[in-house]
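Notes for the one structure printed next.
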Amino acid sequence: MSKLTTIIVDDEKLGRDIVRNYLKNHEKLELIGECGNGFEGIEKINELKPDLVFLDIQMPKLSGFEMLELIDDPPLIIFTTAFDQYAIKAFEVNATDYLLKPFSKDRFNGAVEKAIKSLNSGKENAKLNNLLTDTKYSKEYLERIAVKQSNKINIVPTDEIEYFEAQDDYVMIYSEKGKFLKKKTMKFFEENLNPDDFLRIHRSYIVKFDQLENVDISANESNTVNLKNGQTLPVSKSGYAKLKERLN
Amino acid sequence: MHKSDSVVKGNVLIYLLVWTALFFIHFTIVYFELGLSIESALADSFVFNIMYVLIGASFWYPVKYMSIDIYSTPRLIMNHLAAAAITTGLWLVACYFILTSVFEFQQEYYDFLLSSLIWRYAIGILFYVVIVSLIYVYVTYSDYKEKELNESNLKVLVKEAELKSLKYQINPHFIFNSLNSISSLTMSNPERAQEMTIKLSEFMRATVSKNEMQKAPLREEIKNARLYLDIEKVRFEDKFEYIENVIEACENIKVPSMILQPVFENAIKHGVYESIEQVNIILTCSKEAEYLKITVENNFDPDAVPRKGEGIGLQNIKNRLKLIYNQENLITYSKDGTIFKVNIFIPLEKENVL
């Protein structure tokens with residue numbers, strides 16, 4: 001049996017050193033790359049198609065989770081982090097294992113065995129196929145969204161977003177700096193955006209409150225709302241009721 | 001209620017003095033005005049007054065068991081009127097018995113005694129009312145005093161608790177990340193691993209012992225900051241540079257302990273951590289009028305979206321400084337382009353003013 005391939009994504013050299021050290025002369029795994037940030041991580045994963053990735057979560061600009069969202073066919077993931085509060089989220093994105101730094105060689109080997117087992121049994125559910133589900137996976141609201149635009153990665157702060165528009169399996173994000181397509185559902189955004197700032201006014205639209213041009217709350221019904229940028233968005237009956245309730 | 005012995009003694013003395021005065025007034029009236037013989041006048045004023053001294057001393061009890069806070073006013077008045085009627089009656093009976101059985105006076109005196117009973121009864125009731133009212137006033141006043149004292153004690157406790165809650169606490173992630181670095185270095189560079197273990201221990205020991213103190217010289221604070229940044233440097237390598245610009249005269253000035261630590265942690269978390277470029281962290285300390293001005297500045301990546309949690313450490317410093325120095329705005333921060341700057345102002349004690 002040929003060795004499984006793996007890469008390390010960690011912004012700290014000492015963090016990568018440990019994993020590399022543990023992988024030295026490993027019987028079943030072969031280290032084929034190392035990345036110091038999430039951007040390199042995306043490139044390397046797409047280029048080298050490793051079977052397994054050791055992934056740090058807290059990295060500058062692009063977190064491990066955000067990096068995964070931008071990979072179309074993600075490999076098996078073993079998270080390595082000093083933060084235990086991401087364990088639930090990691091579990092929900094179907095990570096193979098979650099190693100808390102510092103971790104022992106035994107613990108590391110246990111995680112590797114788990115990965116090998118699930119690869120051999122070819123279980124589809126071991127893969128990170130849940131990444132694109134609607135799960136609300138954290139109590140924290142989104143503050144930024146990582147998007148890919150013709151191979152360039154952009155981080156869009158939610159502060160700069162004007163509204164969201166549903167487009168089949170995707171959502172178009174309209175921000176001050178342009179529009180970005182993201183493979184997520186409207187339900188995901190509805191649940192993960194701060195409800196103090198955003199409201200779903202229509203099956204296909206979520207709008208940011210401070211982008212609304214004066215809404216006539218005395219009117220009983222309305223089919224549209226105006227945005228400060230001059231645009232007009234459709235609003236559903238229930239969306240309008242929610243909007244009125246909120247503005248009251 | 002615990003009253004000190006001296007307070008009780010003082011009160012008893014006043015009580016006895018008043019009764020002595022009443023005794024003389026009583027004597028003056030019955031001897032000079034009403035023309036009793038000197039013996040009967042003396043016996044009359046002595047017996048009636050001394051008996052009331054004893055009965056009156058027991059009036060503490062009805063007051064104690066009938067607090068104004070618990071009983072309604074009509075009920076209070078009814079109860080006290082009943083108590084007044086009974087105690088005054090008992091007083092008169094006792095005095096009458098003593099004066100008739102112990103002494104032997106002329107019939108004239110006993111006639112006077114019988115005819116004056118109704119007046120004495122009225123005066124007895126009046127005494128009761130006056131004594132009980134005075135006791136109520138006294139109890140209310142000392143309750144009020146005690147409450148005031150408790151309140152000021154409570155305020156001190158609240159302030160202490162607040163200061164305690166605002167004290168710096170080591171961030172557990174800093175410990176875990178440092179331990180991970182050590183774990184890694186034990187394989188690649190055992191000497192540096194040992195060096196870092198020692199630095200981490202020193203930092204933790206200093207933090208724990210400093211948290212016991214309210215204030216420490218600036219020199220100590222800077223020493224601790226260096227230790228902290230040295231440890232982070234192992235983790236971040238060349239990602240940041242620390243520059244110190246401290247006037248020597250400032251080093252002995254006392255500042256709230258661990259006041260700088262959250263500022264440096266902030267610089268690491270939002271400056272160094274979120275940036276891919278190198279970050280400079282600059283510490284400047286100088287005297288400015290009546291203040292020691294401490295400035296920490298760092299450049300940051302303007303593209304990095306600020307993470308939540310920014311400002312909590314700084315907010316804590318603000319609250320701490322306000323509690324300690326009773327002044328607002330002792331910390332200011334500004335973002336200017338790619339530079340984040342925090343200014344802390346420590347009011348100088350007199351000997352440190354320029």
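Every number here is computed from the coordinates shown, using simple stated rules; none is lab data. Computed from a predicted structure; not experimentally measured. With ideal geometry, Cβ positions are generated from the backbone for all residues, glycine too; neighbour counts draw on all protein chains shown.
Is there a residue in the stretch B:145-156 that is within 14 Å of another protein chain (Cβ to nearest Cβ) and of a type in the set (Val, Ile, Thr)? No. In the set (1) within 14 Å of chain A (Cβ to nearest Cβ); (2) out of contact with any Pro (no Cβ under 7 Å at 6 or more places or on another chain); (3) of a type in the set (Phe, Trp, Tyr), the condition left unmet by B:TYR273 is number (2).
Where helices (runs of 4 or more DSSP H) fall wholly inside the stretch B:1-106, the ranges with 3 or more residues that are within 34 Å of the chain's Cα centre (by Cα) are B:5-28, B:60-65.
Only one residue in B:LEU179, B:LEU200, B:LEU114 is in a helix (DSSP H, G or I) and more than 14 Å from every other protein chain (Cβ to nearest Cβ). Which one? Result of the check over B:LEU179, B:LEU200, B:LEU114: B:LEU114. Quick one: count up the residues across the stretch A:1-21 that are part of a helix (DSSP H, G or I) and crowded, with 19+ Cβ neighbours inside 10 Å. Of the residues in the stretch A:1-21, 6 are part of a helix (DSSP H, G or I) and crowded, with 19+ Cβ neighbours inside 10 Å.
Within the stretch A:1-22, being without any contact (Cβ under 8 Å) to a residue 40 or more places away in the chain, within 14 Å of chain B (Cβ to nearest Cβ) and over 28 Å from the mean Cα position of the chain (by Cα) holds for one residue alone: A:ASN21.
Of the numbered criteria (1) within 20 Å of A:PRO74 (Cβ to Cβ); (2) in a helix (DSSP H, G or I), the one A:ASN154 fails is (2).
Restricting A:PRO60, A:PRO50 to those that are over 16 Å from B:SER184 (Cβ atoms), assigned to a loop (DSSP other than H, G, I, E, B), away from chain B (no Cβ under 14 Å) and not charged (D, E, K, R) reduces the list to A:PRO50. With respect to B:ASN153, is the statement that it is farther than 30 Å from B:ALA85 by Cα and either small (Gly, Ala, Ser) or surrounded by 13 or more Cβ atoms within 10 Å (Cβ to Cβ) (or both) true? Here the answer is no, as B:ASN153 does not meet what is asked.
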